[in-house]
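A quick write-up on the structure given underneath.
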Amino acid sequence: MTTKSSPFDDLDRKIIAALIGNARVSFAEIGTAIGLSATAVKRRVDRLRKADVITGFRATVRPAALGWRTEAYIEVYCDSAAPPRRLAEVARKYPEIAAAMTVTGAADALLHIRATDVGHFEEVLERIRSEPFIRKTISYMVLSHLLPESPEAGASEVAPPSLAGISENATNLL
């Protein structure tokens, strides 16, 4: 019986965990922590990028610093089975939509909205509701983030994992 090999091994998992914790950590620092040279870490990162395991690197910015002080989620209900392509077209029209996804359950989609204030949110909501195939919406205003260190909360900086042991929590997620 043959076993299918994993797309990445434990060293790759440790590299990914370190990059998730701090995308600016150097390959040398990662290598020192996991017993590889900086060149070997770079080769592995390049391979993981080519394999589409690592899809990019980004800065996480606190939305309020950019003026986006109001946050909400909107459940979207469509008249008929609107294809995801059509919902994606709507989502791309509004810069206030931070994320959009189709979901299971009664709603057809869930939109994550960021706005400057409640009045701005209301205006965005009305524009979304005016789309011809949207039957109804239910919105939920975000009061606070229970995990303020998460990127979704707009954390200004995610604490880097301890490179000596590569964050146990991050590697467990992988």
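In the condition set (1) in contact with a Ser or Thr (Cβ under 6 Å, 6 or more places away or on another chain); (2) at pLDDT 95 or above, Gly67 is compliant with all but (2).
Close Cβ contacts (under 8 Å, 6 or more residues apart or on different chains) running from residues in segment 62-75 that are closer than 18 Å to Leu125 by Cβ to residues that are in a helix (DSSP H, G or I) and of a type in the set (Val, Ile, Thr) comprise Thr70/Val118; Ile74/Ile128. Tallying residues that are of a type in the set (A, V, I, L, M) and in a strand (DSSP E or B) within segment 77-110 yields 7.
Summed over segment 92-110, the residues that are loosely packed, with under 11 Cβ neighbours inside 10 Å and closer than 11 Å to Ala72 by Cβ give a count of 0.
Counted as qualifying within segment 1-76 are the helices (runs of 4 or more DSSP H) with 2 or more residues that are open to solvent by 30 Å² or more (accessible area, probe 1.4 Å) and of a type in the set (D, E, K, R), namely 10-21, 38-50.
Kindly indicate which of Arg62, Arg58, Arg24, Arg86 is closer than 21 Å to Leu143 by Cα and modelled with pLDDT under 95.
Working: Arg58 fails: closer than 21 Å to Leu143 by Cα; Arg24 fails: closer than 21 Å to Leu143 by Cα; Arg86 fails: closer than 21 Å to Leu143 by Cα.
Result of the check over Arg62, Arg58, Arg24, Arg86: Arg62.
Return yes when Ile113 is outside any strand (DSSP E or B) and either surrounded by 17 or more Cβ atoms within 10 Å (Cβ to Cβ) or of a type in the set (Ser, Thr, Tyr) (or both) and no when it is not. It is false that Ile113 is outside any strand (DSSP E or B) and either surrounded by 17 or more Cβ atoms within 10 Å (Cβ to Cβ) or of a type in the set (Ser, Thr, Tyr) (or both).
If only residues of segment 132-161 that are assigned to a loop (DSSP other than H, G, I, E, B) and buried (at least 17 other Cβ atoms within 10 Å of the Cβ) are counted, the one that is modelled with the highest pLDDT is Gly154.
The values are calculated or read from the model by the stated rules, or taken from the named source; none is laboratory data. Every value quoted in this text rests on a predicted model; they were computed, and no experiment measured them. Positions of Cβ are backbone-derived with ideal geometry, glycine not excepted, and every protein chain shown enters the neighbour counts. Keep in mind that these areas ignore ligands, DNA and RNA; they rest on the heavy atoms of the full protein, side chains included. Shrake-Rupley method; radii C 1.70, N 1.55, O 1.52, S 1.80 Å.
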